[in-house]
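The values are calculated or read from the model by the stated rules, or taken from the named source; none is laboratory data. As the structure is a prediction and not an experimental result, all values here were calculated from the model. Ideal geometry is used to build each Cβ from the backbone, glycine not excepted, and the neighbour counts take in all protein chains shown.
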């Protein structure tokens, strides 16, 4: 994966202390699926980022474990891993605090148009935009797993008008517990979230069910002053449809941290009413360090014959089948 131990060497030192033969991605960028298959063609373990792994798995009969740094599993063909008896682990808890904080920061930045103001000052402009406070907003959260629930908890002191939650699982118990703290939060169908929310944040995994989940039809249900955010996975929001909607100001703006093809070089860069970031949700010093250490620890456990602590659960395998 890239980057690995860029800011903190602890995970690298832990890995190298095993005495194993370790190879690193030295290209200074994310590998393509073909490059991954070539670079790791004889490895027994891979510590992976978001690289596509299907070609590697098909071409390397020696691979025994994939230890994913992060939470997303769309790049890991779980069914194929199970067929070839390859163990898969990930680090979902380590990444959550950094992603949640980024989303909260983007919610404020987007709704108050701070990034636009920065660009305008640099052009010698001073329009002083008005924006809506989170405390005066209805916020839609699509996907109420670790990140979605974390966002809701962080919103408590902002006292939003209402939080509308949607998830494929029954989250009524978790929602009711948070409501006891004074937050006006409830389950809602996605259609209501699209129509009523001032800001919508998408926090679902990328699966067959969520691919292009938000496209032209869904965007055109949204209010003209609504904002849309995606810090989950590229491909959940249709990028072309989002571009067309923002170009005619069908919605007020968007913030996108993840893209179908990364690094991103598409048409959204042309627009002023969008914040674009570089898949940075996990990029805090502590969370990156913890993710990398946890991924290395899983590989060490595996080859010691110990039980994995962060094995990908069966439900994730089931979601990929849908």
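Scanning segment 231-272 for residues that are part of a strand (DSSP E or B) and farther than 18 Å from residue 114 by Cα returns a single hit, 237.
Under 30 Å from residue 7 (Cα atoms), free of Cβ contacts under 8 Å to residues at least 60 places away in the same chain and not assigned by TED's automatic domain parsing to the domain that holds residue 71: is that true of residue 261 in this structure? For residue 261, the condition - under 30 Å from residue 7 (Cα atoms), free of Cβ contacts under 8 Å to residues at least 60 places away in the same chain and not assigned by TED's automatic domain parsing to the domain that holds residue 71 - is met. On inspection, residue 249 does not qualify as surrounded by fewer than 21 Cβ atoms within 10 Å (Cβ to Cβ) and under 14 Å from the mean Cα position of the chain (by Cα). Just for segment 197-220: of the residues that are modelled with pLDDT of 95 or more and surrounded by fewer than 18 Cβ atoms within 10 Å (Cβ to Cβ), which one is farthest from residue 235 (Cα to Cα)? It comes out as 220. Applying the criterion of at least 2 residues that are more than 30 Å from residue 12 (Cα to Cα) to the helices (runs of 4 or more DSSP H) found wholly in segment 30-142 leaves 92-112, 114-122.
Annotation note: Cβ proximity below 6 Å between a residue of segment 156-183 that is over 18 Å from residue 146 (Cβ atoms) and a residue that is loosely packed, with under 14 Cβ neighbours inside 10 Å (sequence gap 6+ or interchain) occurs for 158/135; 159/135; 162/184. What's the total number of residues in segment 213-230 that are part of a loop (DSSP other than H, G, I, E, B) and in contact with a helix residue (DSSP H, G or I) (Cβ under 9 Å, 6 or more places away or on another chain)? Count: 7. Among the residues of segment 29-37, are any in contact with a helix residue (DSSP H, G or I) (Cβ under 6 Å, 6 or more places away or on another chain) and touching a residue at least 24 places away in the same chain (Cβ under 8 Å)? No, because not a single residue in segment 29-37 is in contact with a helix residue (DSSP H, G or I) (Cβ under 6 Å, 6 or more places away or on another chain) and touching a residue at least 24 places away in the same chain (Cβ under 8 Å). Restrict the check to segment 145-163 and report whether at least one residue is buried (at least 23 other Cβ atoms within 10 Å of the Cβ) and over 17 Å from residue 184 (Cα atoms). Yes, some residue in segment 145-163 is buried (at least 23 other Cβ atoms within 10 Å of the Cβ) and over 17 Å from residue 184 (Cα atoms).
Please specify each residue of segment 55-71 satisfying the condition of being over 18 Å from residue 299 (Cα atoms) and either in contact (Cβ under 8 Å) with a residue 40 or more places away in the chain or buried (at least 20 other Cβ atoms within 10 Å of the Cβ) (or both).
Answer for segment 55-71, where residues must be over 18 Å from residue 299 (Cα atoms) and either in contact (Cβ under 8 Å) with a residue 40 or more places away in the chain or buried (at least 20 other Cβ atoms within 10 Å of the Cβ) (or both): there is none.
Results for (1) in contact with a helix residue (DSSP H, G or I) (Cβ under 7 Å, 6 or more places away or on another chain); (2) surrounded by 13 or more Cβ atoms within 10 Å (Cβ to Cβ), shown as yes or no for each residue.
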{"site": "284", "(1), (2)": "yes, yes"}
{"site": "289", "(1), (2)": "yes, yes"}
{"site": "294", "(1), (2)": "yes, yes"}
{"site": "301", "(1), (2)": "no, yes"}
{"site": "305", "(1), (2)": "no, no"}
{"site": "308", "(1), (2)": "yes, yes"}
{"site": "311", "(1), (2)": "no, yes"}
{"site": "317", "(1), (2)": "yes, yes"}
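Looking for something within 15 Å of the chain's Cα centre (by Cα) and either part of a helix (DSSP H, G or I) or more than 21 Å from residue 133 (Cα to Cα) (or both) - is there at least one such residue anywhere in segment 184-198? For segment 184-198, residues within 15 Å of the chain's Cα centre (by Cα) and either part of a helix (DSSP H, G or I) or more than 21 Å from residue 133 (Cα to Cα) (or both): absent.
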